[in-house]
1. What length, rounded to one decimal in nm, is gained on full extension from E62 through to D149, with 0.36 nm per residue of separation minus their alpha-carbon distance?
2. Rounded to the nearest 20 debye, what is the charge dipole size of the chain about its Cα centre when +1 sits on each Lys and Arg Cβ and -1 on each Asp and Glu Cβ?
3. Can you send over the carbon and sulfur percentage of the accessible area for the chain, probe radius 1.4 Å, protein chains only?
4. Given a Förster distance of 30 Å, report the FRET efficiency between Q91 and E121 from their Cβ-Cβ distance, rounded to the nearest 0.05.
5. Can you tell me the equivalent ellipsoid semi-axes for the range 66-162? Use √(5λ) from the Cα gyration tensor, largest first, whole Å.
6. Under the 0.36 nm per residue contour assumption, what length would be gained going from the current alpha-carbon distance of E55 and L8 to full extension?
7. Starting from the Cα of K120, draw a straight line to each of the aspartates and glutamates and keep only those under 19 Å, dropping any in the same chain fewer than 8 residues away.
8. Calculated FRET efficiency, S139 and L73, Cβ-Cβ r, R0 41 Å, to nearest 0.05?
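The values are calculated or read from the model by the stated rules, or taken from the named source; none is laboratory data. Since we're looking at a predicted model, the values are computed, not measured. Counting neighbours? That spans all protein chains shown, and the Cβs are built from the backbone with ideal geometry, glycine included. All accessible areas refer to the heavy atoms of the entire protein, side chains included, with ligands and DNA or RNA removed. Shrake-Rupley method; radii C 1.70, N 1.55, O 1.52, S 1.80 Å.
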Amino acid sequence: MARTPLDLDELVEHWTLLKDEQALVSGKRGATRLGFAVLLKFYTQYGRFPRNRAELPGEAVEFVARQVQVPALELESYNWSGRTVEYHRAQIREHLGFRECSVADAEKLTAYLAEHVANKERRPEQVRVELLVRCREESIEPPTSGRCDRIVGPRCVRPRSH
C-alpha cells in the first residue's frame, strides 16, 4: 500500500528542528548530523526510533537535510547499527526524558495491561496500541516488536470466562 506524501504543513509541524534540537545536532557533521536529526524528529513524532532507513519518508529526509545543511544522500552512509547509533539513541532518550524498557518495566507493563486492558479488549493489535500509549505516559521507549508481542501475548489477552 502506497504512503501518502507529506505536505508542507506536515513537514513543518513534525520535521522542523526546534532551537533545543538544533543545539543537539550542532556538534555533529555530515551523515552523522543528518542521521541524528532524522532519528530525533522521528522519535518525537512516533515515540520510537525507525527500524531502518526505509521507514523514513523521503520528503521528510529532504526537509531535515536542508535544515542541517547536509545533502539528503548522505543519509545512505549513516550506520544504522553499532556504537554511534546507540549513542545517538541514548542522547535522544535523555533529551526527551525517556528511558529504555527494562525487565522491570516490561513486567509492570504486562501487569498494567492484564489489569486495565485485557479484561475489556481481546484484539492483540488494540492491546498493542494501549501498550504503546502506556509506554509514552511512563516515558519508556517502546520495547522491540518481538518483546511487545510477548508482553501483549497470552499473559495479557485472556479468553473471557462464561
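1. Result for the pair: 28.0 nm of gain on full extension.
2. 600 debye
3. 52 percent
4. With a Förster radius of 30 Å, E is 0.25.
5. Values: eigenvalues 237, 39, 28 Å².
Largest first, the range 66-162 gives 34, 14, 12 Å.
6. Working it through step by step, the gained length comes to 15.0 nm.
7. E130, D149
8. Efficiency, rounded to the nearest 0.05: 0.75.
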